[in-house]
Each structure stands twice: as C-alpha cells, then as structure tokens.
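Engineer: One structure coming up, written as structure tokens, with questions to follow.
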Amino acid sequence: MTSTWLMAGRWWRLQAGVCLYSTGTVMLTHTCTHAGTARSLTCPTCCRFPRAGTHSHRLSWVLVWKRGYFRMVPGPFKFPNFPHFTLFCTGRGGNQKTKILGCDRVKLMESLVVGDIAELRPNQGTLSLFTNEAGGIEDDLIVTSTSEGYLYVVSNAGCWDKDLALMQGKVRELQNMGSDVSLEVVDNALLALQGPTATQVLQAGVADDLRKLPFMTSAVMEVFGVSGCRVTRCGYTGEDGVEISVPAAAAVRLAAALLENPEVKLAGLAARDSLRLEAGLCLYGSDIDEHTTPVEGSLSWTLDAEDLQQAEVGSTASLRPGARGKRRRAAMDFPGASVIIAQLKGKVQRRRVGLTCEGAPVRAHSPILNMEGTVIGTVTSGCPSPCLKKNVAMGYVPSEYSRPGTPLLVEVRRKQQMAVVSKMPFVTTNYYTLK
C-alpha cells in the first residue's frame with residue numbers, strides 16, 4: 001500500500017525528503033540521470049513500478065538524494081514564491097482502508113473506538129482511537145459515515161495486521177449474535193494534496209465545487225478522469241488540503257496527471273514530519289502507543305470531553321467534527337473505559353507536552369530533565385522548525401511540569417540545554433471550514 005503526499009505554500013522544508021530505503025513495496029534510490037540538480041525533487045520519467053508483476057499501487061519514485069535529505073534552497077518559504085505542491089511517497093508507512101457495512105455498522109465501530117460515530121452526519125468524518133482494556137491506544141484512525149450507507153475507515157498501515165484482526169474478530173462476534181454487519185477491505189491508494197492552494201489546483205480536475213467541502217468531510221467524485229475517487233478535506237500537515245482515495249489500478253495514472261502540473265513536486269517523510277509536528281499532531285508508535293491512554297496523550301477530546309478541551313495540549317481538537325455531548329463517556333461502553341474515565345475525572349500522572357528550545361535539534365528518546373537535573377521524561381518527536389527558526393519537540397512529563405511556560409532541560413549529545421513547555425500547535429493550523 002502506498003500513500004503519496006502533495007504539499008503547497010508556506011512550508012517547504014530544509015528537510016524536504018525521505019530516508020533512502022528499498023522494500024518490496026516501494027523503492028527509492030539516489031541515482032537519476034534525468035534530474036540534474038538538488039532543486040529537482042522528482043523525475044517523472046523515472047516514475048515506474050518496482051518490478052514486473054507487482055500490484056499497480058506499488059509506486060516507485062526516483063528522487064534526488066543530497067546529504068541525507070532531498071533538499072531545496074534554505075527555507076522557510078512563503079507562498080507564492082515557491083511551488084504550490086509536493087508529492088510525498090510513504091511506502092509501507094501509508095494507510096489502509098476498510099468499509100464497515102450493515103445496519104449494525106455503528107454498533108461495531110463504537111465497540112472498538114472511543115468516538116461518537118452515531119452522531120456523524122452523512123460524509124462527515126472524525127479522528128478516533130482504537131483502545132485496549134488497559135486504556136492504551138492500539139491505533140488512531142479516521143472514521144467517515146458515508147452517504148452510501150457504510151463507514152469508511154482509514155487506519156495506519158503499520159498497525160494493519162492487528163487492526164484488521166480486531167475488526168474481523170468483532171464482526172464475527174456480532175454476526176454470531178445475529179447482528180447485520182460485515183467488513184470489506186478496499187484496495188485503494190492514497191494521494192494527499194496539501195497546502196494553501198491545493199484545492200484551487202484540484203478544482204481543475206473535478207466537477208464538484210470544493211468550496212462546499214469543509215474540513216473532515218468527503219465526497220466521491222471523478223478526479224482528472226479517474227472515477228470512484230473519495231476526496232476528503234483533511235491531511236496530516238496542519239494545512240488545508242485533501243486526501244484522495246483512488247482505486248489502486250488508477251493510482252499511477254492519477255499521480256502522473258498531478259505531476260504534469262509544473263508546480264507539483266515529490267517530497268518525502270521528513271518534510272511531512274516537520275509539518276505534522278509543527279501542527280502538534282501525534283505519530284503513532286512514537287508519540288502514542290498501546291501503553292498511552294488518550295488522557296495521557298492529551299487526546300481527551302476524542303471522547304467529546306468538551307469541558308476539558310481548552311486545557312488540552314495540541315491542535316488535534318480541530319479534527320473533531322463538533323460537540324457531541326457526553327454520551328460515550330456516560331455509556332462507558334468502549335475498551336478501557338473504566339481506566340480512561342477515571343483519568344478524566346481525576347489526575348493523570350503524565351501528559352504529552354510541546355517543547356521549544358534553542359541549540360542543537362532535539363530528537364526522539366532524548367531525556368527531559370527538571371531544572372535540578374533529574375530526568376523526568378522522554379522526547380517522543382523532535383525536529384527543527386523552519387517556520388519558527390527554533391527547535392520543536394513533543395514528549396511526556398509528569399503532570400506538575402505540563403503547564404505552558406514551565407522551564408525544563410533536554411539532553412542532546414550528552415549536553416543539557418534549556419527548553420520551555422509550549423502550547424501546541426507551534427504553528428497556527430489552516431483547516432478549511434465554512435463560515
């Protein structure tokens with residue numbers, strides 16, 4: 001499964017690239033006879049399948065490699081001085097799509113996730129969480145209630161085996177009880193077109209009026225001649241944009257059509273990672289995992305904890321489709337509810353926080369210390385922020401150290417440097433909503 005990302009506007013990065021690697025799913029190499037400079041992030045001539053006989057959605061991109069990243073000139077840059085779009089290829093780190101069908105589809109999904117799925121309007125989506133009985137997060141996912149009468153689920157490819165087993169097990173359980181529910185795996189690729197002018201360029205290839213498609217809503221439409229595409233106004237960058245779920249057989253054709261626009265360029269995971277971090281968005285496996293509860297991860301808003309939302313760390317509350325009340329919390333009918341609700345009502349021992357600091361960039365696994373030099377936590381994500389011209393990071397600290405403005409220390413290369421607990425998002429998000 002391959003996910004591709006297109007980005008635009010203010011956030012061209014020094015880190016506009018992905019690490020060099022080769023897998024059975026996607027191959028990236030540093031040699032290209034068609035692209036002559038480091039400014040050429042892609043060579044359309046070299047866009048091809050990895051080898052004969054592989055599935056059509058296994059794209060192969062040859063990119064220009066330069067000192068560990070695919071670099072342009074020093075940033076940050078502001079629209080409209082630089083290209084509007086960049087295509088990101090994430091290989092096996094993409095997303096998987098599933099349809100949940102039947103009259104009891106909401107019952108199934110709400111037995112697995114913390115979110116209020118029943119209140120979603122047609123073609124509206126929400127970010128939610130698979131949780132375990134200990135309250136830990138098994139994965140984060142987007143659930144859309146489609147007008148076609150099924151739930152459309154997009155989850156992380158890295159968690160695909162356990163996510164699929166979880167959903168299939170619950171399907172069998174409910175079917176044995178006489179429920180009307182089934183599951184269908186969707187063989188689609190994902191193209192993510194992100195940036196301030198993303199929908200303006202996409203509009204040229206669709207008949208639907210994208211001005212009527214607000215954040216976290218979707219519609220099925222033809223895109224540049226490819227039918228059966230589900231276009232969702234969302235993304236993993238903090239910017240306006242869309243994700244296009246495209247039939248696998250047409251993925252290369254649609255990607256090539258997008259790349260025909262001279263403003264569309266490939267870029268990689270490092271650029272996308274700096275964007276999601278500036279937006280305060282979690283990366284599963286780094287910032288949240290099966291041992292992290294939604295409350296510890298500052299994701300209580302996924303339980304519609306409206307009264308706690310103002311105290312939350314991070315910008316992901318923007319992903320909630322609107323106030324839902326307290327039905328899920330009152331029902332306590334999701335995995336780990338007893339642990340999670342108790343944390344909501346009481347005091348949690350640790351919390352995810354944002355950090356800003358000067359000096360050397362802070363990376364994952366760096367120790368976080370109090371001002372007395374005692375280790376109190378660990379960084380889970382970190383990178384330089386070209387927009388802010390300082391380093392940003394996320395990590396977990398005891399609750400007493402989680403207030404914005406709290407001075408702390410981080411250890412980088414065995415040296416201590418100052419850090420400050422900071423509100424997230426670090427850079428203001430630009431999600432598109434109807435006025």
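Taken together, the values in this text are just the output of simple stated rules run on the coordinates, not laboratory data. What you see is a predicted model, and the numbers here were worked out from it, not measured in a lab. Ideal geometry is used to build each Cβ from the backbone, glycine not excepted, and the neighbour counts take in all protein chains shown.
Engineer: I'd like the Karplus ³J(HN,Hα) series for segment 333-343: coefficients 6.51, -1.76, 1.60, θ = phi - 60°, whole numbers in Hz, and an x wherever there's a Gly or Pro.
Structural biologist: With the stated coefficients, segment 333-343 comes to 10, 10, x, x, 4, 5, 6, 5, 5, 4, 5 Hz.
Engineer: Which whole number in µm²/s is D for segment 196-297 by Stokes-Einstein, with the Kirkwood Rh taken over Cα pairs at 20 °C and 1.002 mPa s? Please list the in-between numbers first.
Structural biologist: On the way: Rh = 15.4 Å.
The Stokes-Einstein estimate is 139 µm²/s.
Engineer: With a cut-off of 15 Å, note down the residues of segment 96-115 whose backbone N falls inside the zone around a label point 7 Å from the Cα of Val185 toward its beta carbon.
Structural biologist: Flagged as within label range: 96-100.
Engineer: Right, another one. Within segment 219-243, which residues have the backbone N less than 16 Å from the label spot 7 Å out from Thr428 along Cα→beta-carbon, could you tell me?
Structural biologist: Output list for this probe position: 238-240.
Engineer: Around Arg350, which amide H atoms from residues at least 5 apart in sequence, or from another chain, sit under 5 Å from its own amide H, with H modelled in the peptide plane?
Structural biologist: Here Ser399 satisfy the definition.
Engineer: Still on this model: Evaluate E = 1/(1 + (r/R0)^6) for Lys347 and Glu372, where r is the Cβ-Cβ distance and R0 equals 25 Å; express this FRET efficiency to the nearest 0.05.
Structural biologist: Working: r = 22 Å, r/R0 = 0.89.
Step by step, r from the Cβ atoms, then E = 0.65.
Engineer: Same structure, new question: With only alpha-carbon atoms in the gyration tensor, what are the semi-axes of the equivalent ellipsoid for segment 371-435, in Å, largest first? Let's see the in-between values first.
Structural biologist: Details: eigenvalues 137, 44, 18 Å².
The equivalent ellipsoid of segment 371-435 has semi-axes of 26, 15, 10 Å.
Engineer: So who's got an amide H within less than 5 Å of the one on Asp139, skipping anything under 5 residues away but keeping other chains? H placed 1.01 Å off N, in plane.
Structural biologist: Sorted by chain and number, the residues that satisfy this are Phe130.
Engineer: Where Rh is the Kirkwood radius over the Cα pairs of segment 220-277, the temperature 20 °C and the viscosity 1.002 mPa s, what D in µm²/s does Stokes-Einstein return?
Structural biologist: Numbers: Rh = 12.7 Å.
My calculation gives 169 µm²/s for D.
Engineer: Can you give me the long-range amide H partners of Thr380? Hydrogens built in the peptide plane at 1.01 Å from N, cutoff under 5 Å, separation of 5 or more residues or another chain.
Structural biologist: The answer is His365, Met394, Gly395, Tyr396.
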